[in-house]
């Protein structure tokens, strides 16, 4: 774990579902941001003990860039009783549209199912364009429920699958684009970020980077 600036931490951990055929590295990134008495955990996996101890003493929340990036969210909720901010999971229609497949009636996404079913945790669902009460603004990503987040207090952009590094720096990866969605459409939705005073680009696949890496990714 390292502190990128006061109150902004980054760490990496092996993703338990990674396979050698994946285009992304086995070690994925998570971040923690402290803003006064508030602590935000972004796409948390294998949270370091020091960060978890901070969470005990602060007003803490988990923020997911996408519902399939829940990682260790459920176990953290069970230990810390913290709320979760996340986009809604895929519907059957989303999967049919993205992959061009026909699904049996009644398909249900397993992502954050424990939140939807009320088994644990307090869910706060959000969409692109929302301003979350924890100081986060959501920008549209490459899918309706994959967000790019702006945290003004730390001049940081947090990205899940929409902006990723596969060895050539941050990019909008065409292999993850939904059906009928172009790279230019995604870039258009994210270019307003370039008008903001971004200092950090915090990717969960790769990174972290600085502003200089964001500009070519959206060009």
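Pick from the stretch 47-71 the residues that are over 13 Å from the mean Cα position of the chain (by Cα) and assigned to a loop (DSSP other than H, G, I, E, B): which of them is surrounded by the fewest Cβ atoms within 10 Å (Cβ to Cβ)? Let's see the steps before the verdict.
Within the stretch 47-71, the first condition is being over 13 Å from the mean Cα position of the chain (by Cα), and the residues that meet it are 47-61.
Now restrict to residues that are assigned to a loop (DSSP other than H, G, I, E, B): 47-48, 57-58.
Details: 47: 25, 48: 15, 57: 9, 58: 16.
This residue is 57.
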For the stretch 197-216, name all the residues that are in contact with a helix residue (DSSP H, G or I) (Cβ under 8 Å, 6 or more places away or on another chain) and either in a helix (DSSP H, G or I) or exposed (fewer than 14 other Cβ atoms within 10 Å of the Cβ) (or both). 214, 215
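Could you tell me whether residue 49 is out of contact with any strand residue (DSSP E or B) (no Cβ under 7 Å at 6 or more places or on another chain) and touching a residue at least 60 places away in the same chain (Cβ under 8 Å)? Before the answer, list the steps.
Values: out of contact with any strand residue (DSSP E or B) (no Cβ under 7 Å at 6 or more places or on another chain): yes; touching a residue at least 60 places away in the same chain (Cβ under 8 Å): no.
So residue 49 does not fit the description; no.
Specify which of the listed residues (135, 167, 189, 178) is touching a residue at least 12 places away in the same chain (Cβ under 8 Å) and within 22 Å of residue 31 (Cα to Cα). Quick ask: steps written out before the conclusion?
On the way: 167 fails: touching a residue at least 12 places away in the same chain (Cβ under 8 Å); 189 fails: within 22 Å of residue 31 (Cα to Cα); 178 fails: within 22 Å of residue 31 (Cα to Cα).
Result: 135 is the single residue among 135, 167, 189, 178 that is touching a residue at least 12 places away in the same chain (Cβ under 8 Å) and within 22 Å of residue 31 (Cα to Cα).
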Does any residue of the stretch 158-176 turn out to be over 30 Å from residue 20 (Cβ atoms) and buried (at least 17 other Cβ atoms within 10 Å of the Cβ)? no
Residues (in a strand (DSSP E or B) and over 26 Å from residue 79 (Cα atoms)) located in the stretch 107-145: 131, 137, 138, 139, 140, 141, 142, 143
Among the residues of the stretch 12-39, which ones are assigned to a strand (DSSP E or B), free of Cβ contacts under 8 Å to residues at least 40 places away in the same chain and over 15 Å from residue 151 (Cα atoms)? 12, 13, 14, 27
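Here is a yes/no grid of residues against (1) at pLDDT 95 or above; (2) part of a loop (DSSP other than H, G, I, E, B); (3) closer than 26 Å to residue 39 by Cβ:
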{"site": "157", "(1), (2), (3)": "yes, no, yes"}
{"site": "175", "(1), (2), (3)": "no, no, no"}
{"site": "188", "(1), (2), (3)": "yes, no, no"}
{"site": "193", "(1), (2), (3)": "yes, no, yes"}
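The values are calculated or read from the model by the stated rules, or taken from the named source; none is laboratory data. For clarity, every value in this text was computed on a predicted model and none was experimentally measured. Virtual Cβ from ideal backbone geometry, glycine too; neighbours counted across all protein chains shown.
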